[in-house]
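No value in this document is a laboratory result; all are computed from the given coordinates. Everything numeric in this text was worked out from a predicted model, so none of it was measured. A quick note on method: Cβ atoms are made from the backbone with ideal geometry, for glycine too, and the neighbour counts reach across all protein chains shown.
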Amino acid sequence: MVISMYLVVFSSLFGLRNKSSMYLDYESAEAMMKVILALNDQKETAVVERLLDESMRFKAYHVSQDRYTSPERSKENQVTLSQFRRFMLSFSGKEIDTQGNRRLVITKSSYQDAVKNPGKFLKALQVIKSIPSTRSQEAFRRALHWLPNEVSLKIHAWILFDIGGSGAWAFRTEDGAKNIGFNILHMLDESGEFDQDLFLGILAHEIHHLGLPLSSYFKAIDYEHLSETSRLRWYSDYMQRFVMEGMAQKFCNNAPGILSPKPYPEEVFSATQANLKDWAYFQPQLADIHARAVLDLRQILRGETLDREKFESDYGDYWTWAAGEKEGREFTLGRQYYYGSELVGAINAAFGREALFEGLTDLRRILLLYNRSVKMLRPQDFERYMFPEDIIKMTQDL
């Protein structure tokens, strides 16, 4: 029997940290592919049911369920394996049963495409299986390079037909295991081809998320015991989003910027065509986006009583992909990815990655480091991109 997974291991021989490893596993995708082919061939329901039950025994789908049923998720954003099973079996009937579940509604059209056109996903699986381990090693190596040296990672990367419609995700299960999921339904480009460069860039991006060592900072500020109205709590939540997405996008996806170039000038920006359109739309807005960050931070840092629910709603309507609905566009990336990449990109361009790692130990230093970086880099009209002194002082006083 061919074991359709492989292990990438790094040791000190590579000049990297010891005991870091990654399993890339596509058995679960192959198993669900059999279900999709059976549906395409209009096999009897009993055949589809047997293949579906076999595929859902794979650990990838149980990890996916754990993610989609996490208590941190709102009820309307959850889906279980039993709901997914009923959804998939309904493809054998006359009407697809989404059960009024938001996640199944989101993924319905993708599964319809897979059942109608399974060939392109079969081809994608073959391409994934043929990716040389050296290329996966390089993605892992890149992610580790942009993490402090003491970070050591053991990653299980699952290729699967996701149960809830997400594209790619990083998730820690209750036992502490670090998982990355890649939904093959979202891994093809506009022409229906699998893009290896894009996949490897996203792989590095998600690995970086799992390795980013912010827990020591949150422990140092005793985050769990901060009140819900604490300025430090709000500030830390706010900055964490920009730092996490910004570092992964800038250094793993090789994102260009106004304040700093791509970290790897000769390589592509690992992004979909839709992502590239978002980036081109956001870049001319940098001064305005920065002004919005200043406005948000003033609200947080002045210590005034804020309506958390309204603030989060306003955040989503401006900084995330949901802003597209407000602006008559369709975003696949939010401004938090772009602006975060400008923040960390400037610090790296001016002072190098060790300065970045210094900022990770205390997020209250990020704004000061960024301001010093912009002063050193001095882009055109650089004053427009700096934080006012009152913001810096309030941050230092937290």
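Viscosity 1.002 mPa s, temperature 20 °C: give me the Stokes-Einstein translational D for region 203-312 in µm²/s, with Rh taken as the Kirkwood radius over C-alpha pairs.
After rounding, the answer is 133 µm²/s.
How large is ³J(HN,Hα) for each residue in region 263-278, as worked out from phi by the Karplus curve 6.51 cos²θ - 1.76 cosθ + 1.60 (θ = phi - 60°), to whole Hz, x for Gly and Pro?
With coefficients 6.51, -1.76 and 1.60, one gets x, 10, x, 7, 9, 6, 7, 6, 8, 6, 4, 5, 4, 4, 5, 4 Hz.
Whole number please: convex hull volume per residue, Cα atoms of region 285-398, in Å³.
112 Å³
Taking only DSSP H segments of four or more residues, each worth -39500 (n - 2.57), what value at 222 nm results for the chain once the sum is divided by all its residues, to the nearest 500 deg cm²/dmol?
Value at 222 nm, helices only: -16500 deg cm²/dmol.
Please report the base-10 log of the normalised intensity I(q)/I(0) for the chain, using a Debye sum with one equal scatterer per alpha carbon and no solvent, at each q in 0.09 (1/Å).
Taken in order of the listed q values, log10 I(q)/I(0) reads -0.58.
Would you mind calculating the relative contact order of the chain from Cα pairs under 8 angstrom and at least 6 residues apart, reporting the percent as a whole number?
Relative CO of the chain lands at 14 percent.
Taking the convex hull of the alpha carbon atoms in region 5-211, what volume per residue do you get, in Å³?
116 Å³
With the radius of gyration and the Kirkwood radius both derived from the Cα set of region 150-261, what is their ratio Rg to Rh?
Using only Cα positions, Rg/Rh for region 150-261 is 1.03.
Testing the spin-label approximation: label points 7 Å from Cα along Cα→Cβ at Ala322 and Ser110. State their distance in nm.
The answer from the label model is 2.0 nm.
Along the charge dipole of the chain, pointing to its positive end and built from +1/-1 on Cβ of Lys, Arg, Asp and Glu, which listed residue (Thr134, Gly100, Met376) has its Cα farthest out?
Thr134
Under a point-charge model restricted to the Cβ atoms of Lys and Arg (+1) and Asp and Glu (-1), what is the dipole moment magnitude of region 117-242 relative to its Cα centre, in debye to the nearest 20?
In debye, rounded to 20, region 117-242 gives about 240.
Over region 186-284, what is the relative contact order in whole percent, taking alpha-carbon pairs under 8 Å and six or more residues apart?
Dividing the mean separation by the residue count of region 186-284 yields 32 percent.
Placing +1 on the Cβ of each Lys and Arg and -1 on the Cβ of each Asp and Glu in region 215-396, which of Gly352, Thr332, Pro284 has its Cα farthest towards the positive end of the resulting dipole?
With unit charges placed on the Cβ atoms, the residue in question is Gly352.
Relative contact order for region 243-285: what is it in percent, counting Cα pairs under 8 Å that are at least 6 residues apart?
29 percent
Stretched out fully, how many nm does the piece from Ala177 to Asp288 gain, at 0.36 nm a residue minus the Cα gap?
Contour length minus Cα-Cα distance gives 36.0 nm.
Run the dipole for region 235-319 about the Cα centre, Lys and Arg Cβ at +1, Asp and Glu Cβ at -1, nothing else charged, and hand back the magnitude in debye, nearest 20.
Computed about the Cα centre, the dipole is about 200 debye.
Per Stokes-Einstein, at 25 °C and 0.890 mPa s, what whole-number D in µm² s⁻¹ belongs to region 208-252, with the Kirkwood radius over Cα pairs as the hydrodynamic radius?
For the chosen part, D equals 216 µm²/s.
What are the ³J(HN,Hα) couplings of region 200-206, residue after residue, when phi is run through the Karplus curve with 6.51, -1.76, 1.60 and θ = phi - 60°? Round to Hz, x for glycine and proline.
Working through the residues one at a time gives 5, x, 5, 4, 4, 4, 6 Hz.
Using per-residue counts of other Cβ atoms within 10 Å, averaged over each peptide, order 276-282, 117-123, 263-269, 30-36 from highest down.
Most protected by this proxy first, the peptides run 30-36, 276-282, 117-123, 263-269.
If the reach is capped at under 14 angstrom between alpha carbons, list the aspartates and glutamates near Lys250, excluding any in the same chain fewer than eight residues apart.
Glu206, Glu267, Glu342
Can you bin every Cα-Cα distance in region 240-302 into 10 Å intervals starting at zero and give me the percent of pairs per bin, rounded to whole numbers?
Per 10 Å bin, starting at zero, the Cα-Cα P(r) for region 240-302 comes out as 19, 47, 27, 7, 0 percent.
Please work out the Kirkwood hydrodynamic radius for region 284-340, using every pair of different C-alpha atoms, and report it in angstroms with one decimal place.
After inverting the pairwise mean of 1/r, the radius is 12.1 Å.
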